[in-house]
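What follows is a single structure, written as structure tokens, with notes after it.
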Amino acid sequence: MSGVSFEKLVGLTQNEVVERQERDGFNELPTQEKRTALVILIEVLKEPMFLLLIACGALYLLSGEVQEALMLLGFVFVIIGITFYQERKTERALEALKDLSSPRAYVIRDGEKTRIAGREVVCDDVLLLSEGDRVPADCILLHATNVSVDESLLTGESVPVRKSSIEDASTAIGKPGGDDIPFAFSGTLVVSGQAVGIVKAIGAGTELGKIGKALESLEVERTPLQIQTGKIVRTFALVGGVLCALVVVVYWLTRGNLLEGFLAGLSLAMAMLPEEFPVVMTIFLALGAWRISKHRVLTRRVPAIETLGSATVLCVDKTGTLTLNNMTVTDIVAGDQVFTVGTTDAALPEEIHDVVEYSILASPTDPFDPMEKAMRELGERTLADTEHLHDSWTLQREYPLSQDLLAMSRVWTSASGDDLVIAAKGAPEAIADLCHFDARRVQWLEEKIDLLSNQGKRVLGVARAQYKKTDLPEQQHDFQFEFVGLIGLEDPVRPNVKGAIAECYTAGIRTIMITGDYPGTAMSIARQIDLQNPDQHITGAELETLTDEQLAQRIQDVNVFARMVPEQKLRIVKALKLNKEIVAMTGDGVNDAPALKAAHIGMAMGGRGTDVAREAASLVLLDDDFNSIVTAVRMGRRIYDNLKKAMMYILSVHIPIAGLSLIPVLLGWPLILFPVHIVFLELIIDPACTLIFEADKDDSGVMKRKPRKIDAKLFDRLTVLKCFFQGGLTLAVTIAVYVFIRHDHAVDEARALAFFTLVVCNLGMILSNRSLTRSSISMLREKNTAFKWVITGTATVLCLVLTISFLKNMFHFGAVSLNDVFLALAGGIIAVALMDLIKVIPFFHKNETIRH
């Protein structure tokens with residue numbers, strides 16, 4: 001908040017905040033009401049599977065089989081219960097994400113500056129606004145420095161308007177639109193400058209609330225995977241419809257019973273319809289976003305979760321992401337001498353007092369920037385008893401940094417009231433420009449800069465000037481500046497970065513560092529973190545001379561970009577895209593927004609990032625840590641892997657169910673599966689694909705694989721082959737058990753043992769698909785609460801169905817001996833063992849290359 005005099009404002013106390021929240025509520029606009037239990041129930045009953053169940057129940061009633069009809073209805077209630085649980089879990093995850101993704105606000109409370117969620121702002125809060133902020137509430141501006149605001153959300157006018165300030169906080173707020181009014185409105189965007197305001201209206205009472213616009217923080221988009229699965233479901237539905245009609249006709253023509261033919265046809269339809277696909281997609285992506293948020297990464301756009309596993313390049317800012325953004329002054333250059341500054345020094349040599357003095361005068365009195373904090377901390381520690389600190393001086397004007405001149409100046413009136421004193425600091429080249437250095441002095445300056453930057457130091461220049469008490473000039477160049485010295489600051493590398501970058505390389509992901517620092521500083525940091533090719537770099541000036549094709553060629557080997565401005569990030573993204581890379585880009589400022597939008601995965605900084613950057617990004621790093629990016633990539637791969645395993649299981653398990661519904665009709669056998677059997681299987685399939693697979697941890701080799709291709713199909717030929725192998729194997733073993741038992745047993749006994757075999761194979765299929773590389777036995781040792789519940793529940797109900805006469809009759813089962821049960825169990829175990837066998841066959845792992 002440079003240049004805004006808010007030091008004397010104390011803001012509200014915590015008690016006052018609580019009182020206002022109880023009186024006025026939270027600062028939020030009306031949103032869509034949550035779905036009620038009745039709405040969820042209606043949505044569930046509209047699903048094709050439930051319509052088929054109701055149709056089956058109706059047919060049972062028509063045929064006089066009331067028990068079967070009632071049991072189907074009971075199963076409907078059970079499945080509705082499971083669906084409720086899934087829906088509520090998903091909804092809670094989305095609500096948590098919406099709370100995290102709400103705009104933030106920077107306020108003063110109890111005399112302390114603090115950042116809070118926008119919804120927690122109350123009337124009379126002291127609000128601090130700066131470039132890139134989304135205004136959280138309607139407010140009166142008490143102080144404003146070079147403030148322009150985009151009010152197009154309210155007025156439709158695309159040109160930003162200037163803002164003025166007013167001392168009377170009791171003034172009534174006017175309407176938006178027009179220049180030089182001292183009001184800022186909720187939802188508008190600060191384009192430039194800094195301001196302090198007093199909140200006067202929140203929530204529905206704001207101008208935005210009055211026109212009834214509800215803003216959604218979390219966008220809902222159809223992802224590529226959802227489109228793919230939609231096509232698969234439509235294909236299955238079409239094929240299933242045709243086969244269903246065929247079964248009805250064949251059954252009627254061969255057996256003369258149309259009602260039973262319809263039951264057989266509906267059984268096949270239920271078996272063929274993989275209605276779990278869209279449910280699984282919704283739940284996995286929503287819970288995936290929630291799980292990623294637990295690692296301090298907020299998902300703003302759901303497709304980013306899919307894309308994370310495909311990222312091939314991470315473009316990251318150096319400061320605050322690779323480093324701690326915790327600056328300390330380490331060196332000061334005055335004249336030809338370079339002085340080393342210790343972190344505990346209580347005094348400094350007299351020669352460098354002026355450098356520290358004017359660096360503090362060129363900074364805000366209560367700084368927020370880490371470099372400005374470091375300079376003030378040094379001055380307060382070493383110059384406390386000298387004449388070089390000037391708390392009694394009065395600030396007259398500030399000249400902010402601009403794209404044309406990377407330096408800022410502050411104009412002061414001294415306590416004696418003599419000439420105005422101007423202090424400037426900024427990029428050394430900009431300070432040299434203000435001081436009108438000739439070629440010889442520029443060469444001297446470059447030598448000193450290289451000396452510090454090659455040690456990984458960040459370098460700032462400091463200058464001073466005096467001015468008579470007349471009208472101040474419009475630009476800094478009109479002052480006669482005198483060069484004072486250079487300051488070298490060090491920002492330590494985060495301790496976990498080196499290992500995280502090594503993990504990225506193992507996963508086939510490049511890391512590119514982009515910084516505004518000098519090449520020497522950037523290359524020193526690159527060597528510290530083991531970045532590849534650390535001695536090659538491209539500067540911002542050099543980038544401007546390259547064509548897009550030349551940059552695309554150079555960028556294949558260069559991982560260090562120095563002296564870059566935010567606008568140049570967009571060219572870097574485009575060059576990487578020309579090389580068919582999948583790009584993740586970090587950013588925090590207003591000017592980073594185009595690059596964040598252009599990247600496949602835009603990542604905004606949550607701690608120091610602007611609201612504009614957050615809104616343009618797909619992900620928000622809540623702690624600005626590079627390790628969070630790597631964690632997000634790992635989580636993205638895990639979510640996709642688990643999603644694919646669930647989808648493989650769904651496709652695999654429907655093959656034997658469909659086969660057992662179709663084959664008996666075509667071969668003239670008695671029906672093996674009735675609707676009640678398929679519903680029982682659905683009670684295993686639903687929680688398995690939505691709860692068991694979603695909760696599984698990632699495979700140990702998840703970060704040793706090459707990135708997945710962005711256009712990779714969920715069901716490629718190899719995956720479909722695996723599914724048909726598993727499903728076909730289960731079908732073959734179940735039919736074999738049925739035929740063997742049927743040879744000298746009754747139909748009901750053969751059906752019972754075939755169903756038992758199918759259930760065993762089904763559970764084995766879940767176990768086998770939980771890992772694409774590890775055996776089923778090893779997966780038994782992996783903790784998964786949902787799997788234990790499914791296994792226990794299935795075994796219990798199956799035992800009851802096979803032993804209690806009432807249930808046996810409802811399932812059309814006969815009495816079975818223990819030996820026959822062991823035979824069926826052995827058949828199921830053999831099938832599962834064969835499923836595990838394909839995990840060790842290299843042919844089935846062509847698309848899962850592991851880097852060792």
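The values are calculated or read from the model by the stated rules, or taken from the named source; none is laboratory data. These numbers come from a predicted model, not from an experiment. Cβ atoms come from the backbone with ideal geometry, glycine included; neighbour counts cover every protein chain shown. Only protein heavy atoms, including side chains, enter the accessible area calculation; ligands, DNA and RNA are left aside. Shrake-Rupley method; radii C 1.70, N 1.55, O 1.52, S 1.80 Å.
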*Paramagnetic label zone (point 7 Å from Cα along Cα-to-C-beta, residue 469; backbone N under 12 Å) in the stretch 392-424*: 413-421
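How much length would be gained if the chain were fully extended between residue 597 and residue 732, taking 0.36 nm per residue of separation minus their Cα-Cα distance, in nm to one decimal? Numbers along the way, then the final one.
Details: separation 135, 0.36 × 135 = 48.60 nm, distance 5.12 nm.
Length gained between residue 597 and residue 732: 43.5 nm.
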*Tally up the carbon and sulfur contribution to the accessible surface of the stretch 639-681 as a whole percent, 1.4 Å probe, everything protein left in place.*
75
*asked:* In whole percent, and with a 1.4 Å probe on the protein chains, what portion of the accessible area of the stretch 455-532 is carbon and sulfur?
replied: 45
*asked:* How far apart, in nanometres, would the label points at residue 829 and residue 545 be if each is projected 7 angstrom from Cα along the Cα-to-Cβ direction?
replied: 7.5
*If r is the Cβ-Cβ distance from residue 380 to residue 438 and R0 is 41 Å, what FRET efficiency results, to the nearest 0.05?*
0.70
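Given a 1.4 angstrom probe, I'd like the percentage of the accessible area of the stretch 277-356 that is carbon and sulfur, rounded to a whole number. Don't skip to the answer; put the middle values down first.
On the way: 1350 of 2590 Å².
C and S fraction of accessible area: 52 percent.
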_Quick check on my link table: of 597/722; 722/788; 697/722; 113/457; 113/294, which ones sit more than 31 Å apart, alpha carbon to alpha carbon?_
597/722
*Hey, can you find the accessible area per residue of the chain for me, probe 1.4 Å, expressed in square angstrom?*
42
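Could you give the length gained on full extension between residue 803 and residue 19, defined as 0.36 nm per residue of separation minus the Cα-Cα distance, in nm? Intermediate values should be presented prior to the final figure.
Numbers: separation 784, 0.36 × 784 = 282.24 nm, distance 6.47 nm.
Result for the pair: 275.8 nm of gain on full extension.
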*Residues of type lysines that residue 210 reaches as a straight line, Cα spacing below 23 Å, ignoring anything fewer than 8 places off in the same chain*: 34, 98, 163, 175, 200
*Where in the stretch 354-390 does the amide nitrogen come within less than 18 Å of the point 7 Å from the Cα of residue 416, taken along Cα to Cβ?*
354, 357-358, 386-390
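Using R₀ = 35 Å, calculate the FRET efficiency as 1/(1 + (r/R₀)^6) where r is the Cβ-Cβ separation of residue 242 and residue 77; round to 0.05.
Details: r = 32 Å, r/R0 = 0.90.
The value I calculate is 0.65.
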*Computed log₁₀ I(q)/I(0) - Debye formula, equal Cα scatterers, no solvent, the stretch 490-570, q 0.17, 0.24, 0.26 Å⁻¹*: -0.68, -1.21, -1.32
*Please give the FRET efficiency for residue 170 paired with residue 259, using the beta carbon to beta carbon distance and R0 = 51 Å, rounded to the nearest 0.05.*
0.05
*Label residue 496 and residue 667 with points 7 Å out from Cα along Cα→Cβ: what is the distance between them in nm?*
5.7
_Degrees, to the nearest 10: 48-62 long Cα axis against longest axis of the chain_ = 20
*Got a number for the accessible area of residue 365? Probe 1.4 Å, square angstrom, nearest 10.*
60
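So what is the relative contact order for the chain, in percent, with contacts set as C-alpha pairs under 8 Å and at least six apart?
Working: 1549 pairs, mean separation 99.2, N = 852.
The value is 12 percent.
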_Rounded tilt (10° steps) of 276-293 against the dominant C-alpha axis of the chain_ = 30
*Probe 1.4 Å, all protein chains present, accessible-area order of 725, 277, largest first*: 725, 277
*Kindly express, to the nearest 10 degrees and within the range 0 to 90, the angle between helix 747-769's C-alpha long axis and the longest C-alpha principal axis of the chain.*
20
*Full extension from residue 58 to residue 282: what is 0.36 nm times the residue separation minus their Cα-Cα distance, to one decimal in nm?*
77.5 nm
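Among DSSP beta bridges lying fully in the chain, give the percent that are antiparallel, nearest 5.
Antiparallel: roughly 75 percent of the beta bridges in the chain.
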